[in-house]
Amino acid sequence: MEQDYKRLVRERILARDELIRATFSGEQKGSSLAWNNVVVRPVEIKGEIHLQFSYFDDKKDITKNYLEEAASKVDELLALPFRNIFVESADGNVQVNISKKGKAVVSEPKPSKAHAETNLAHDRQKSRLLSAENAEPFLKAVGIMTSDGKIRADMQSKFKQINEFLRLVDETDALQAFTDQPIHVVDFGCGNAYLTFAIYYYLHDILKLDAHVTGIDIKADLIERHKEKVKSLGWSQLNFQVGQIADYKPATIPNVVLALHACDTATDDALAQGIHWGSKLIVCAPCCQHELQAQMSRVPMPEQFASVFKDGIFFERIGDILTDTFRATILRIMGYRTDVTQFVPIEHTAKNLMIRSVKTSSAGNTHWVEEYRNLKSFWQVTPYLEKLLGDEYKPYLSS
């Protein structure tokens with residue numbers, strides 16, 4: 001049986017003209033792997049179809065393209081103790097799950113309608129971003145495009161920001177898990193909701209996923225306007241609700257949690273919700289951060305930083321950096337592959353960081369637990385996110 005499933009997986013991956021994507025993830029019981037997951041997909045480079053291998057762990061991802069060596073690289077992957085293998089192919093999908101006893105359970109679900117054609121572009125983003133051609137109704141409805149089909153001069157930056165956001169989300173490769181199942185997204189603190197409308201349109205109309213998106217905000221007047229736009233577009237699976245982040249009780253647990261420029265501890269509220277739910281993807285762009293700075297002002301500062309804290313602006317910025325460092329480290333402890341990147345250029349906003357986290361394992365990575373506790377001890381503070389997570393996660397976060 002083992003050789004049968006390996007031969008089947010190998011054949012589907014090496015049939016480059018038919019392959020859409022193959023994903024290797026999880027580790028078998030009693031085994032350890034250098035990578036959390038590996039994604040293989042075809043790309044066209046200089047007229048020839050290569051196989052692109054993307055290797056992900058908690059800290060980084062490495063992408064390499066192979067032509068003649070592709071078969072041996074597939075064999076290397078099949079020799080590793082991955083617990084789950086999923087191959088999407090025009091010839092039919094293959095799902096392999098290795099049980100705790102080491103038995104391979106193989107199924108061949110129907111191919112997803114979302115991938116009628118395989119995208120072979122080495123830079124796949126160009127065809128997956130929004131444009132005046134592929135997103136005209138949505139762009140007009142939200143006021144980014146004029147009635148004659150041009151992006152408004154005063155919305156050029158917002159349009160670029162939207163596409164950068166979509167690129168950063170797509171880059172995580174977390175969306176691949178939802179080609180054959182519904183994807184539920186919540187956007188906390190949605191505000192003007194440009195990105196809320198964009199993520200729905202991108203998932204539903206560009207990627208052809210069964211997307212259900214909910215925008216949450218405390219401003220009732222904004223929410224009513226958004227509902228009117230949704231009605232005009234006829235989008236039945238995008239909705240908006242008035243409410244606080246911490247009070248939101250979804251009918252279906254969200255797979256994706258977004259919180260873009262949610263103010264101060266609202267970002268922590270969103271992160272705590274996503275962690276409690278075990279959401280597959282959590283993306284936040286933190287805004288102002290004051291809670292940790294208030295704690296820092298009440299304890300003796302490390303004398304090594306005395307010259308730094310003579311200027312208030314440096315104190316504020318270190319508070320910002322520490323807040324987001326604690327957030328990223330907590331997410332890593334909770335089993336999320338996390339990176340921190342620039343969301344939009346600094347000339348648009350000083351608050352331009354984005355934290356992207358993909359759930360890859362269970363909580364309790366000892367390396368990150370030690371780093372977190374050392375950081376807390378040095379600065380003599382307790383991050384607000386730790387307080388929100390409560391007793392369930394206390395063993396990981398409190399020494």
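Please treat every number below as a calculation from the coordinates, not as lab data. The structure presented is a predicted model; accordingly, all values stated were derived computationally and were not measured.
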Counting helices only, and only those DSSP H runs with n ≥ 4, report the 222 nm mean residue ellipticity of the chain as the sum of -39,500 (n - 2.57) divided by its residues, in deg cm²/dmol to the nearest 500.
-10000 deg cm²/dmol
Counting sequence-distant residues (5 or more places) and residues on other chains, those with an amide H built under 5 Å from that of PHE343 are LEU353, MET354
Anisotropy class of segment 273-399 from Cα gyration tensor, a/c 1.5 cut:
oblate
Straight-distance crosslink candidates among lysines, where the alpha carbon sits under 17 Å from LYS64 and sequence neighbours closer than 8 are dropped
LYS46, LYS73
Segment 169-195 to segment 362-399: how many Å between their Cα centroids?
28
If you take every DSSP beta bridge whose two residues both sit in segment 125-397, what share of them, in percent to the nearest 5, is antiparallel?
40
In Hz, Karplus ³J(HN,Hα) per residue of segment 366-376 (6.51, -1.76, 1.60; θ = phi - 60°; x = Gly, Pro)
5, 4, 6, 4, 5, 4, 5, 5, 5, 5, 4
Dimensionless Rg ratio for segment 2-115, taking C-alpha atoms and the 2.2 N^0.38 Å reference:
1.03
Filter LYS150/LYS229; LYS359/LYS394; LYS101/LYS359; LYS160/LYS249 down to the pairs with a C-alpha to C-alpha distance above 21 Å, please.
LYS101/LYS359; LYS160/LYS249
Using square roots of five times the C-alpha gyration tensor eigenvalues, list the equivalent-ellipsoid semi-axes of the chain in whole Å, biggest first.
36, 30, 20
Inter-part distance where segment 54-106 and segment 254-285 are each reduced to a Cα centre, Å
30
